[in-house]
Amino acid sequence: MMKLVPHAAAMAGLLSAVLPGSAPAVTFELGRGHFVIHMDDTIDTFRLVALDVPGNCTPPLTTVARGDGTFEIQSGAPRCDGEPHGELRLNPAWSRSLNINMAAGQIDFAGSAVRRLATIHARVRAGDIFGLPGVQRRWLFGAELDARLRADGVTLRTALGAGQISLYADAPQ
């Protein structure tokens, strides 16, 4: 049986496929490890690269796309004892709403990413947030940051179970 789609829904789907920056919210589930996030106009959507750490095994990283706009980053090396290290490059015109979630580890937003953010909503349950003013720290652990940085740009929501988020606008590209 064929399902009919109302004209408004069909047009919204067509527009989001054609217009840059009109894609719905994109979510990356990073799992565990240490990831550096960059904004890069030279790629179409995103690119993930595993980073070598001297003295450690470098597990390959793969991206599994779910149908709801979520991309899960998976580390596929059972013989590697350490956490994965990766670099995630995103085209800021691909989606103006970005969600990055991680269970434990460290997320570093490079200067290229921070300079493209309009608003940020960051939460760490056990750990801290560094780099931007306005961080609210809890007595024993955890931190939150809600900031409006500029009128136009990417809206970022990021959540980390345990670890650290760093956001430095003057960090290297």
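The values are calculated or read from the model by the stated rules, or taken from the named source; none is laboratory data. Just so you know, these numbers come straight off a predicted model, no measurement behind them. Cβ coordinates were reconstructed from backbone atoms using ideal geometry, including for glycine residues, and neighbour counts include every protein chain displayed. When the accessible area is computed, the model is the full protein with side chains, heavy atoms only, and any ligands, DNA or RNA have been set aside. Shrake-Rupley method; radii C 1.70, N 1.55, O 1.52, S 1.80 Å.
Before moving on, here are some points about what is shown:
- All positions within region 38-63 that are under 23 Å from residue 162 (Cα atoms), of a type in the set (A, V, I, L, M, F, W, C) and touching a Ser or Thr at 6+ places or on another chain (Cβ under 9 Å): 48, 50, 51, 61
- Of all the numbered requirements in (1) open to solvent by 10 Å² or more (accessible area, probe 1.4 Å); (2) touching a Gly at 6+ places or on another chain (Cβ under 6 Å), residue 157 misses one, and that requirement is (2).
- Screening the candidates 113, 147 for the property of being outside any strand (DSSP E or B) and surrounded by 15 or more Cβ atoms within 10 Å (Cβ to Cβ) yields one hit, 113.
- For region 57-106, filtering for residues that are under 16 Å from residue 154 (Cα atoms) and charged (D, E, K, R) leaves 2.
- Any pair with Cβ under 8 angstrom, 6 or more apart, that starts in region 31-57 at a residue that is closer than 12 Å to residue 90 by Cβ and ends at one that is assigned to a loop (DSSP other than H, G, I, E, B) and open to solvent by 60 Å² or more (accessible area, probe 1.4 Å): 36/51; 38/173; 39/115; 39/116
- Residue in region 113-128 that is within 24 Å of residue 25 (Cβ to Cβ), of a type in the set (Val, Ile, Thr) and touching a Pro at 6+ places or on another chain (Cβ under 9 Å) present: no
- So residue 121, is it within 23 Å of residue 165 (Cβ to Cβ) and modelled with pLDDT of 95 or more: yes
- The set of residues in region 64-96 that are farther than 21 Å from residue 161 by Cα, under 15 Å from the mean Cα position of the chain (by Cα) and not aliphatic (A, V, I, L, M) comprises 69, 89, 91, 92, 94, 95, 96.
- Close pairs (6 angstrom Cβ cut-off, 6 or more residues apart or separate chains): over 24 Å from residue 29 (Cβ atoms) and modelled with pLDDT of 90 or more in region 132-158, of a type in the set (Asp, Glu) and part of a strand (DSSP E or B) anywhere: 136/144
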